[in-house]
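Q: I am attaching a structure below and will ask some questions about it afterwards.
The values are calculated or read from the model by the stated rules, or taken from the named source; none is laboratory data. Please read all numbers here as calculations on a predicted model, not as lab measurements. Quick reminder, even Gly has a Cβ in these numbers, built from the backbone with ideal geometry, and neighbours come from all protein chains shown. What goes into the accessible areas is simple: the full protein's heavy atoms, side chains included, and nothing from ligands, DNA or RNA. Shrake-Rupley method; radii C 1.70, N 1.55, O 1.52, S 1.80 Å.
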Amino acid sequence: MKTIGKLILLAALLTGIAMAYLPQTTFACSCAEPKPVMDAAEGAQIVFAGTVADVTETKSKRGFSIKNIQFETGTVYKGEAGTRITVWTGSGGGDCGFFFQKGMSYLVYAYASGPDGNGDEPGTGICTRTKALSQAQGDLDLLGQGVPPNKDLDQPVADSAKDFDVRLPWPALAGAVAIIAASIAIGLVLRKKRRAGR
């Protein structure tokens, strides 16, 4: 029985160590009332309508989970964009990330913020006027006709495995492996004891 107790203690210890390496930062997203259309457009770096071509999860330089959303640009209402443009957003939940679905079209208000708050990469979230294009007629009426994308600014097509740094949650995986290994060890010890008791 002492061996089983030691194995359980070891599994708990390994799980605790793995959990200590997981990010402890929590987020809470609280949005003010969205700005009127023209005020939101004036403050935005780029406003465009586009269809989601690719969604890639990655990490910011500070280690926060983010998503890079690559759009096929349809119409540009402010700023300049090529026929493809990438906009970052949070991963969702409490970090104000916007949920984009591949193949769907959106009206995007993108702001120069950078995922670490110190760059000019266009980003958006649920606190902006970004929305599904099917729900954006009121905004489109006020934004006007817009212009086609500038092909001279085209970005290369994203290759998820090559262009973005995708990192696996190694501490969580290590904890899961430790628990599985401990469970197998406990099972083997119990089986051995049962056989010895016969």
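Q: Only one of Arg167, Arg191, Arg198 is over 19 Å from Cys31 (Cβ atoms), over 28 Å from the mean Cα position of the chain (by Cα) and at pLDDT below 75. Can you tell me which?
A: Numbers: Arg167 fails: over 28 Å from the mean Cα position of the chain (by Cα); Arg191 fails: at pLDDT below 75.
Residue meeting the stated conditions: Arg198.
Q: Another question, if that's okay. Any idea which of Gly94, Gly125, Gly138 is part of a helix (DSSP H, G or I) and under 17 Å from the mean Cα position of the chain (by Cα)?
A: Only one candidate qualifies: Gly94.
Q: Among Lys78, Lys131, which is the only one that is open to solvent by 10 Å² or more (accessible area, probe 1.4 Å), in contact with a helix residue (DSSP H, G or I) (Cβ under 7 Å, 6 or more places away or on another chain), within 19 Å of Pro34 (Cα to Cα) and not hydroxyl-bearing (Ser, Thr, Tyr)?
A: Just a single option satisfies the conditions, and that option is Lys78.
Q: Looking at Ala174, Ala181, Ala158, which one is part of a loop (DSSP other than H, G, I, E, B) and modelled with pLDDT under 75?
A: Residue meeting the stated conditions: Ala158.
Q: Quick one: in the stretch 70-91, which of the residues that are part of a strand (DSSP E or B) and within 9 Å of the chain's Cα centre (by Cα) is modelled with the lowest pLDDT?
A: Going through the qualifying residues, I end up with Gly90.
Q: Would you confirm whether or not the stretch 99-109 contains a residue that is open to solvent by 20 Å² or more (accessible area, probe 1.4 Å) and in a strand (DSSP E or B)? Quick ask: steps written out before the conclusion?
A: So the first thing to find is which residues in the stretch 99-109 are open to solvent by 20 Å² or more (accessible area, probe 1.4 Å), and the list is 99, 101-105.
Right, trim to in a strand (DSSP E or B) and you get 105.
Scanning the stretch 99-109, I find at least one residue that is open to solvent by 20 Å² or more (accessible area, probe 1.4 Å) and in a strand (DSSP E or B), so the answer is yes.
Q: Among the residues of the stretch 46-53, is there at least one that is under 26 Å from Gln137 (Cα atoms), open to solvent by 20 Å² or more (accessible area, probe 1.4 Å) and at pLDDT 95 or above? Quick ask: steps written out before the conclusion?
A: Taking the stretch 46-53 and keeping what is under 26 Å from Gln137 (Cα atoms), we get 46-53.
From what is left, the residues that are open to solvent by 20 Å² or more (accessible area, probe 1.4 Å) are 51, 53.
Keeping just the survivors that are at pLDDT 95 or above gives 51, 53.
Yes, the stretch 46-53 has at least one match.
Q: Can you find even one residue in the stretch 26-36 that is open to solvent by less than 70 Å² (accessible area, probe 1.4 Å), under 30 Å from Pro148 (Cα atoms) and of a type in the set (A, V, I, L, M, F, W, C)?
A: Looking through the stretch 26-36, none of the residues is open to solvent by less than 70 Å² (accessible area, probe 1.4 Å), under 30 Å from Pro148 (Cα atoms) and of a type in the set (A, V, I, L, M, F, W, C).
Q: Let me ask something additional. Out of the stretch 113-128, which residues are open to solvent by less than 60 Å² (accessible area, probe 1.4 Å) and modelled with pLDDT under 90?
A: Ser113, Gly114, Pro115, Asp116, Gly119
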